[in-house]
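Chemist: Below: one structure in structure tokens.
The values are calculated or read from the model by the stated rules, or taken from the named source; none is laboratory data. Source: prediction; values computed, not measured. We place every Cβ from the backbone using ideal geometry, glycine too, and count neighbours over all the protein chains shown. Heavy atoms of the whole protein, side chains included, go into the accessibility calculation; ligands, DNA and RNA do not. Shrake-Rupley method; radii C 1.70, N 1.55, O 1.52, S 1.80 Å.
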Amino acid sequence: MVELDVQIPSAFDPFTEAKESGAPGAKEYVHIRIQQRNGKKSLTTVQGLKQEYSCEKILKDFKKEFCCNGTVVADEKLGGKVIQLQGDQRKNVSNFLIKVSIAKKEQIKIHGF
């Protein structure tokens, strides 16, 4: 029998390098989701904006641009802020974030139906 000098790492995570690097798209996604309320009412949430941007100012621009109401909610799990808008505003929010250069198209993930 032949002995091999092979060391097997106990906890190997192939994504540690991507998580630790500052490369775009590592964990800088902006998630745009829709939540169904009652009946035809829905709620659009925007999550994952960088800390350097003011969520309150972005919300103010969203409300003016899309003619809808909204609020900023603190998320306990992730420690960040989530913008909530009335209605299905997923496409509008995505186009607005790209237009004002807050996020690139590759960094935006749209979830829902």
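Chemist: Look through LEU78, LEU59 and report the one residue that is in contact with a strand residue (DSSP E or B) (Cβ under 9 Å, 6 or more places away or on another chain), open to solvent by 40 Å² or more (accessible area, probe 1.4 Å) and aliphatic (A, V, I, L, M).
Modeler: None of the other options fit; the residue is LEU78.
Chemist: Give the stretch 96-113 a look and list any residue that's over 19 Å from SER42 (Cα atoms) and either open to solvent by 60 Å² or more (accessible area, probe 1.4 Å) or hydroxyl-bearing (Ser, Thr, Tyr) (or both), or say none.
Modeler: ILE98, LYS99, VAL100, SER101, LYS104, LYS105, GLU106
Chemist: Next up: Condition first: at pLDDT 55 or above, open to solvent by 90 Å² or more (accessible area, probe 1.4 Å) and assigned to a loop (DSSP other than H, G, I, E, B). Now tell me which residues in the stretch 11-43 satisfy that.
Modeler: ALA11, LYS27, ARG37, ASN38, LYS40, LYS41 - these are the residues of the stretch 11-43 that are at pLDDT 55 or above, open to solvent by 90 Å² or more (accessible area, probe 1.4 Å) and assigned to a loop (DSSP other than H, G, I, E, B).
Chemist: Would you say GLN51 is open to solvent by 100 Å² or more (accessible area, probe 1.4 Å), closer than 15 Å to ILE102 by Cβ and either more than 18 Å from the chain's Cα centre (by Cα) or in contact (Cβ under 8 Å) with a residue 24 or more places away in the chain (or both)?
Modeler: Criteria met by GLN51.
Chemist: Now for a separate question. Identify, please: which residue in the stretch 67-87 is touching a Phe, Trp or Tyr at 6+ places or on another chain (Cβ under 9 Å) and either at pLDDT below 95 or assigned to a loop (DSSP other than H, G, I, E, B) (or both) and is, among those, nearest to ARG37 (Cα to Cα)?
Modeler: GLY87
Chemist: Test each condition in (1) farther than 18 Å from LYS109 by Cα; (2) modelled with pLDDT of 90 or more for VAL46 and report the one that comes out false.
Modeler: Only one criterion in (1) farther than 18 Å from LYS109 by Cα; (2) modelled with pLDDT of 90 or more is unmet by VAL46, namely (1).
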